[in-house]
Amino acid sequence: MNTTASTRARAAILVLALLLLGGGATAYTLRAASGRAAATGTADPGFTLDRGAGTLYVRDTASGRVARVDPAAPGGRVAGGPSCDRFHAAGPTALCLQRRPGVPARSYVLVLDRELREVRRIALPGIPSRARVSASGRMLSWTMFATGDSYARSAFATRTSILDLRTGYLVKNIEQIPLTLDGRRHHAPDVNYWGVTFAADDNRFYATVSTGGRTHLVEGDMRNWSARALRENVECPSLSPDGTRIAFKKRVSDGPREPWRLYVYDLRTGREHPVAERRGIDDQALWTDAETLAYGYGGAVWSVPADGTGTPRQLAADASSPAVPG
């Protein structure tokens, strides 16, 4: 009698344990599936770029996902977008760069629509660094670190790509573009490009080229596939909405600690001036409107007037990669 009861009790315990283990496995599976969904670039239902002109989107540091800045939401944002290491959006297009696990470094380039649905995926080597979409949403560019992971170090190499969504044509590395420097065709094995920004005609673009230990602002022409250097000591250019000014990083120190200041260059007059941000900015600034810049610093997104007046203002803590899709 006792033996029978003991056997039944052990059987009941075994059944209960199996149920608990099964429930745990189911919960784990659901959590893993949710994690995979975020990691593959899937946005939550209803999370889109269609929230009105001037809405700021950022990469939320805690979750790694794209978030919409909303002062009325808990924490001041809604983090329902895809998981990205770098993000930018304009017009009907968003660009999401995702670093993949493993060695050597590899990444995905995800092209998304305004509903943040994936429309194209490109697998490339390297670490995500810069991402930019033209105002029309047609032209996309991104920069990957091929070696190294910081512009503050001398030992790094980049690989910059341009994608034309209208034609589908992809330039995986723009280093072979014919370059005119100091009035002559320039050929050198150390040429590196990064930080592309597009003009409104989707043909002209600006970028940084590094060669011979110096950096230059270059103007590129997609149709004629050529580039010419305009001036020295310009990094990560960002063209203003009216196409007349370029915000950029200017190296003001040879030391590795905060060597850059944020400047604005007038393409018509050739004059430049620093903005009121005195700290060292290592980012490709964003024009949120015709008179204001946004950028990442110290793990947060800040803004400052482009004309050199005012003071920096924090827009979002624990964030990076600002974008205003329009």
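The values are calculated or read from the model by the stated rules, or taken from the named source; none is laboratory data. Remember, it's a predicted structure, so these values are computed and weren't measured experimentally. With ideal geometry, Cβ positions are generated from the backbone for all residues, glycine too; neighbour counts draw on all protein chains shown. What goes into the accessible areas is simple: the full protein's heavy atoms, side chains included, and nothing from ligands, DNA or RNA. Shrake-Rupley method; radii C 1.70, N 1.55, O 1.52, S 1.80 Å.
Computed quantities for the displayed model
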{"item": "Net dipole in debye of region 75-157 [+1 Lys, Arg Cβ; -1 Asp, Glu Cβ; about Cα centre; nearest 20]", "result": "60"}
{"item": "Cα centroid separation - region 201-234 against region 247-270, whole Å", "result": "16"}
{"item": "Spin-label model distance (nm) - ASP221 vs SER136, 7 Å beyond Cα toward Cβ", "result": "1.8"}
{"item": "For region 34-323, accessible area per residue (1.4 Å probe, heavy atoms of protein chains only), Å²", "result": "43"}
{"item": "Extension gain from ARG279 to ARG184, taking 0.36 nm per residue of separation minus the Cα-Cα distance", "result": "30.6 nm"}
{"item": "Listed residue (TYR297, CYS96, TYR206) projecting farthest to the positive dipole end of region 34-323, Cβ model", "result": "CYS96"}
{"item": "Cubic angstrom per residue, convex hull over Cα atoms of region 79-139", "result": "81"}
{"item": "Packing rank of 223-235, 59-71, where each peptide gets the mean count of other beta carbons within 10 Å, highest leading", "result": "59-71, 223-235"}
{"item": "Theoretical FRET efficiency, 1/(1+(r/R0)^6), r = Cβ-Cβ of ALA123 and ARG268, R0 51 Å, to 0.05", "result": "0.75"}
{"item": "Full-extension gain in nm, LEU230 to ARG257, via 0.36 nm per residue minus C-alpha separation", "result": "7.0 nm"}
{"item": "Convex hull volume per residue for region 34-323, taking Cα atoms only, in Å³", "result": "129"}
{"item": "Alpha-carbon centroids, region 89-146 and region 50-82: separation in whole Å", "result": "18"}
{"item": "Relative contact order (%) - region 34-323, alpha-carbon pairs under 8 angstrom, separation at least six", "result": "11"}
{"item": "ARG106-ARG204 pseudo-label distance in nm [points 7 Å out on the Cα-to-Cβ vector]", "result": "4.0"}
